[in-house]
Amino acid sequence: LVFTEEDKYGLYSNLLFKYFLAEGVVCGHDLFIASAKEHPDNILKELPAPLLDDTHQKGLGDEAAAVKSEDFHDSMKIAWRYQNLPKMEASPTTYTKFGHYYDISKKMSPELCQSIKWHSFYLHEELSFEPKMKTCNMNNGYARLLQSIQRIISQEGFDGSDPQKKQRNVLRIGIQSLGSILWGDDICCSDTPEDTHSLTKFLYVLRGLLRKSLSACIITVPAHLIQNKAIMERVTNLSDVVVGLESFIGSERETNPLYKDYHGLVHVHQIPRLNSLICDVSDTKDLAFRLKRKLFTIERLHLPPDLSDTVSRASKQDLAGSAKLLSSGCGAMAIGKKHLDF
């Protein structure tokens with residue numbers, strides 16, 4: 001269960017959501033798309049086009065060349081005292097083949113979308129078909145969604161029933177903007193919502209369905225609208241992976257020269273702890289993303305060197321002050337100093 005905290009305008013989280021579904025199409029998995037905001041048919045039509053192995057280098061050639069020239073240009077400006085430090089890869093995915101690559105400037109062909117089996121759940125249509133249903137004091141929309149997911153898992157054989165009769169496959173479930181007012185939930189509208197446990201109950205039952213079936217689920221939630229921290233803590237505990245996207249749109253970081261190469265930050269709040277007594281600790285906690293013409297990349301956040309020619313002396317104090325905004329990593333080392341020093 002992958003829990004994604006949406007950015008304020010939902011632009012980049014929606015892109016990650018479509019990446020997850022597009023990977024399912026390319027791998028031949030079954031899809032289940034649920035939404036109360038956008039019709040699932042339109043979501044499927046907007047999936048990015050995959051770049052197959054033979055067209056990967058051709059399709060991403062200009063992007064890779066731009067990254068390499070940019071890295072070379074930066075290396076020429078770095079002072080000698082930075083050259084002795086170990087070099088970190090800015091984008092590991094460009095060197096290791098994992099999954100598939102996608103061109104976000106193009107849409108997936110209808111033939112490829114029709115090659116897989118997919119199911120949809122549009123809340124407004126579901127509510128109009130059947131009378132109101134109340135189960136275990138749960139929100140009506142959540143109860144219908146759970147009923148629909150359970151029906152697909154059992155009827156299509158994802159629960160392991162009749163494994164000899166059909167080939168085993170994986171069900172990818174995508175739920176968009178869960179917890180928003182469109183789902184009939186009030187946790188985003190008030191600090192003290194009337195129904196504080198509907199989302200928790202839904203995730204508890206959903207996680208049970210995922211555990212006993214061949215399925216994986218991604219959920220996007222407008223977490224910036226949920227003021228009750230207790231709800232967010234319960235939701236985090238009921239998820240396997242919790243990732244938050246923080247966009248620079250409308251914030252002071254949008255015009256800050258420290259973040260000029262990026263469009264937002266990625267916060268990894270929780271990752272799975274399997275067969276281990278402690279959680280895995282990444283070598284860096286400062287991750288950022290940027291949206292290019294064809295690519296959406298997540299990279300390690302690199303701060304510009306203090307002796308760079310592009311940074312004027314007047315803006316050095318602003319950069320040092322901005323570095324304090326970083327929660328950890330090299331930003332924490334800049335606290336109490338007049339300039340950034342690695």
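Pulled fully out, how much extra length does the chain show between residue 114 and residue 249, if you take 0.36 nm times their separation in residues and subtract their Cα-Cα distance?
45.0 nm
Placing unit charges on C-beta atoms (Lys and Arg positive, Asp and Glu negative, everything else neutral), compute the dipole magnitude of the stretch 185-298 about its Cα centre in debye, rounded to 20.
In total the dipole reaches around 580 debye.
Cβ neighbours within 10 Å, averaged per peptide: list 211-224, 246-259, 12-25 in order, most packed at the top.
The densest-packed peptide leads the list: 12-25, 211-224, 246-259.
Apply 1/(1 + (r/R0)^6) to the Cβ-Cβ distance of residue 125 and residue 230, taking R0 = 51 Å, and write down the FRET efficiency to the nearest 0.05.
For R0 = 51 Å, the calculated efficiency reads 0.95.
Among 229, 117, what's the order by accessible area (1.4 angstrom probe), most exposed first?
Of 229, 117, the descending order of accessible area is 229, 117.
How large a share of the accessible area of the stretch 197-279, in percent, is made up of carbon and sulfur atoms when the probe is 1.4 Å and the other protein chains stay in place?
The computed percentage sits at 56.
Which entries in the list 18/45; 37/229; 18/106; 106/292; 8/292 go over 18 Å, if you measure between the two C-alpha atoms of each?
Pairs exceeding the cut-off: 37/229; 8/292.
Check residue 116: other-chain or 5+ apart residues with amide H under 5 Å from its amide H, H built from backbone geometry?
none
For residue 204 paired with residue 267, estimate the spin-label separation in nm (one decimal), with each label point 7 Å from Cα along the Cα-to-Cβ line.
So the label points at residue 204 and residue 267 sit 2.6 nm apart.
Would you tell me the accessible area of residue 9, worked out with a 1.4 angstrom probe on the heavy atoms of the protein chains, in Å² to the nearest 10?
Roll a 1.4 Å probe over it and residue 9 shows about 140 Å².
The values are calculated or read from the model by the stated rules, or taken from the named source; none is laboratory data. Note that the coordinates shown come from a computational prediction; the quantities given were computed from them, not determined experimentally. Ideal geometry is used to build each Cβ from the backbone, glycine not excepted, and the neighbour counts take in all protein chains shown. In case anyone asks, the SASA skips ligands and DNA or RNA and just uses the protein heavy atoms, side chains included. Shrake-Rupley method; radii C 1.70, N 1.55, O 1.52, S 1.80 Å.
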